1. Among the residues that make up the range 550-564, is at least one of them among the acidic types (Asp, Glu), modelled with pLDDT of 95 or more and farther than 20 Å from residue 416 by Cβ?
2. Between residues in the range 290-304 that are more than 12 Å from residue 46 (Cβ to Cβ) and residues that are surrounded by 12 or more Cβ atoms within 10 Å (Cβ to Cβ) and of a type outside the set (A, V, I, L, M, F, W, C), which pairs lie under 7 Å by C-beta distance while being six or more apart or on different chains?
3. Within the range 323-342, count every residue that is part of a loop (DSSP other than H, G, I, E, B) and either crowded, with 19+ Cβ neighbours inside 10 Å or not basic (Lys, Arg) (or both).
4. Test residue 294 against the criterion of being surrounded by fewer than 24 Cβ atoms within 10 Å (Cβ to Cβ), of a type in the set (Asp, Glu), within 24 Å of residue 52 (Cα to Cα) and at pLDDT below 95, and give yes or no.
5. Looking at 478, 444, 498, 472, can you tell me which residue is under 30 Å from residue 370 (Cα atoms), out of contact with any Phe, Trp or Tyr (no Cβ under 7 Å at 6 or more places or on another chain) and surrounded by fewer than 24 Cβ atoms within 10 Å (Cβ to Cβ)?
6. Just name the residue that is surrounded by the fewest Cβ atoms within 10 Å (Cβ to Cβ) out of those in the range 610-626 that are part of a helix (DSSP H, G or I) and among the aliphatic types (A, V, I, L, M).
7. Among the residues of the range 354-365, is any of a type outside the set (Phe, Trp, Tyr), part of a helix (DSSP H, G or I) and surrounded by fewer than 16 Cβ atoms within 10 Å (Cβ to Cβ)?
Amino acid sequence: MRAALRLVWAIGWRTGLVATFVVALSALYFYVQLPPVSQVVDGRARGSVTMLDRDGNVFAWRGEQFGGPITPATVSPHLVHAILATEDRGFYRHFGISPRGILLAMVINLREGRGPFEGNGGSTITQQVAKLLCLGRPYDPASGKTEAEYERECRRTTLWRKLKEVPFAFAMEARYSKDEILTIYLNRAYLGAGTRGFEAASERYFGKSAAELSISEAAMLAGLLKAPSYYAPTANLERARARANLVIGLMEDAGFLSREEADRARAAPASLSQAARQRVGGYFADWVMSQGPDFLTQRTTEDVVIRTTFDPQIQAAAEEALRWVFENKVREGSKAQAAIVVMSADGAVRAMVGGRDTAGVAGMFNRATQARRQTGSAFKPFVYAAALDLGYRFDSVVEDAPISLRIPGSGTWSPRNYDGEYRGPVTLTDALRLSLNTVAVRVATDIGLENVRKVAEGFGLSSDLAAGPALALGASEATLLEMTGAYAGILNGGSAVAPYGLVELRLRGDDAPLMGQGGGMRERVISKEAARQLVYMMHRVVTDGTGRRAALPDRPAAGKTGTTQAARDAWFIGFTADYVAGVWMGYDDNTPLTGVTGGGLPAEIWRETMVRLHKGLPPRPLPMIDPAREAGGQIARDGRRRGPDPFERILRDVLGELFRSKR
């Protein structure tokens with residue numbers, strides 16, 4: 001027996017000596033490779049984008065946020081205490097590992113039916129930092145793995161990785177001070193919602209620096225360490241608060257809080273900042289990300305700040321209007337989709353709803369910018385814009401009667417009015433007001449389809465315009481953003497606009513912007529006189545035409561309805577003197593709508609949106625003609641009233657621009 005014990009002892013101390021030598025040699029190997037703390041506090045492979053609304057307030061984040069380096073001395077002491085109480089009470093006493101903690105975690109895992117290294121890890125903060133540093137192996141984009149795959153591999157707990165953690169932890173304890181190890185932890189820990197480090201998380205969730213955290217806020221952030229996405233307060237605030245209360249209890253048990261302090265913290269739970277709570281502007285933010293250079297947005301390695309045109313109040317008004325109409329006017333369970341765009345006359349986009357939530361989580365597909373749909377009669381204003389610019393007038397008379405056109409290669413085409421009736425001689429105003437198809441086709445063929453196409457392209461509808469006369473009836477496709485921008489050109493007097501959301505892009509910490517506004521006013525497309533007549537005609541659409549359900553109670557509005565073949569798409573786009581808004585409604589799979597036209601639900605969504613966003617704004621007149629003053633003039637033999645002489649019109653516009661620039 002004594003001989004056996006001696007044998008065991010001889011083997012044991014030699015094995016222990018060899019193991020100690022191997023661990024020491026491995027620790028030395030890791031020690032010489034460990035970089036200075038300043039080089040590892042920011043562990044992100046890519047940067048972040050922070051978006052500011054029109055008032056300079058943060059409303060959206062993209063990429064991985066990093067609020068800047070922090071240390072235990074520069075953050076709230078409550079945060080340090082919450083982390084130590086939750087993750088490693090003996091952090092300042094051990095040498096990097098806790099054998100007792102590891103064994104206890106293995107027992108708990110086995111008792112709960114998991115593998116010994118699945119679930120609780122029993123890791124010290126030093127060991128967790130070793131995982132955050134991936135045992136000294138940085139992410140290599142050329143490896144073929146995504147950053148997410150790299151991080152999953154780094155977090156994977158196996159016996160071999162656990163053994164490697166030991167010498168790496170010893171090396172860190174020898175290379176860095178305890179505060180330096182905690183500094184790495186404070187800056188590199190992932191805390192949900194795309195945040196890296198406690199400074200970024202504090203700014204993201206509470207809108208304040210980590211130095212200003214209260215007990216309950218510090219406890220909530222420390223609680224995220226267990227499962228960042230699950231306990232993120234933006235995902236479930238009550239669940240995050242319950243986890244924070246548990247952390248407060250641990251802080252009390254560890255002696256960091258008195259009973260009274262803990263009770264006061266539980267009685268005053270952490271609340272999200274307004275920006276984090278609103279969770280608005282996701283579609284708008286995604287669109288703005290596509291407007292800047294890819295290397296400064298989607299693939300940025302820098303921290304970028306983008307100032308935008310976004311207005312949270314207008315966004316809330318649009319979302320509330322859409323929700324109200326679907327709750328009160330649409331049958332329950334409908335899967336129909338809708339989109340809204342609101343912009344100023346210069347093309348500055350203020351709000352964007354890319355779809356409605358039918359599955360509990362908003363989708364990534366933005367129907368305002370990515371869905372190309374036939375425009376239907378919403379295209380007709382551009383037919384009349386071209387006609388007015390070429391000499392027609394708002395009171396020019398055209399015949400509303402059956403028409404047949406021979407289309408080369410397609411035979412005879414005979415468009416009909418929506419109601420199947422014909423009214424004989426009508427003015428252009430009545431033709432647009434009643435959305436008469438035959439008149440739009442007659443006018444388009446009279447002035448030339450190329451001229452219609454030229455005006456439409458000038459206003460921004462430049463992709464895949466139909467080649468034949470069906471162009472006049474909206475056979476071409478466009479996005480809601482393009483159509484709304486084109487209508488903005490009509491409102492501002494006939495000058496094209498390029499819709500924009502990005503006002504300024506700069507690197508965080510820099511004063512000089514890298515790029516400025518990418519859109520706004522462009523060249524003139526039609527004369528001001530033509531635009532003023534067209535605005536009047538579109539105003540009549542709302543007062544006593546197909547768009548009556550869009551009429552506003554306290555101010556003039558103008559717009560146009562649009563319904564495509566078989567009612568697969570329904571549109572209403574219009575404006576007041578202050579804002580332009582577009583609404584599209586339909587199904588993603590092109591299923592026909594039931595009983596819906598552009599003058600129905602889309603017009604009501606438009607009206608509800610405009611009523612809400614104009615609250616508090618004084619009514620202003622539209623830039624349109626007074627028909628009583630414009631009446632008269634010589635009637636030409638072809639039935640049209642001649643417009644002003646083109647030379648006279650151009651001279652008047654030029655002089656008007658000169659006089660206005662001097663004011």
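The values are calculated or read from the model by the stated rules, or taken from the named source; none is laboratory data. The model shown is predicted, which means the values in this text are computed figures rather than measured ones. Note: ideal-geometry Cβ built from the backbone for every residue, glycine included; neighbour counts use all protein chains shown.
1. Looking through the range 550-564, none of the residues is among the acidic types (Asp, Glu), modelled with pLDDT of 95 or more and farther than 20 Å from residue 416 by Cβ.
2. Matching pairs, first to second residue: 291/501; 291/518.
3. 5
4. Yes, satisfied.
5. So the residue among 478, 444, 498, 472 that is under 30 Å from residue 370 (Cα atoms), out of contact with any Phe, Trp or Tyr (no Cβ under 7 Å at 6 or more places or on another chain) and surrounded by fewer than 24 Cβ atoms within 10 Å (Cβ to Cβ) is 498.
6. Only one residue tops the list, namely 611.
7. Checking the range 354-365: not a single residue is of a type outside the set (Phe, Trp, Tyr), part of a helix (DSSP H, G or I) and surrounded by fewer than 16 Cβ atoms within 10 Å (Cβ to Cβ).
Yes/no per residue for (1) touching a His at 6+ places or on another chain (Cβ under 6 Å); (2) crowded, with 24+ Cβ neighbours inside 10 Å; (3) within 24 Å of residue 340 (Cα to Cα):
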| residue | (1), (2), (3) |
| --- | --- |
| 402 | no, no, no |
| 439 | no, yes, no |
| 462 | no, no, yes |
| 485 | no, yes, yes |
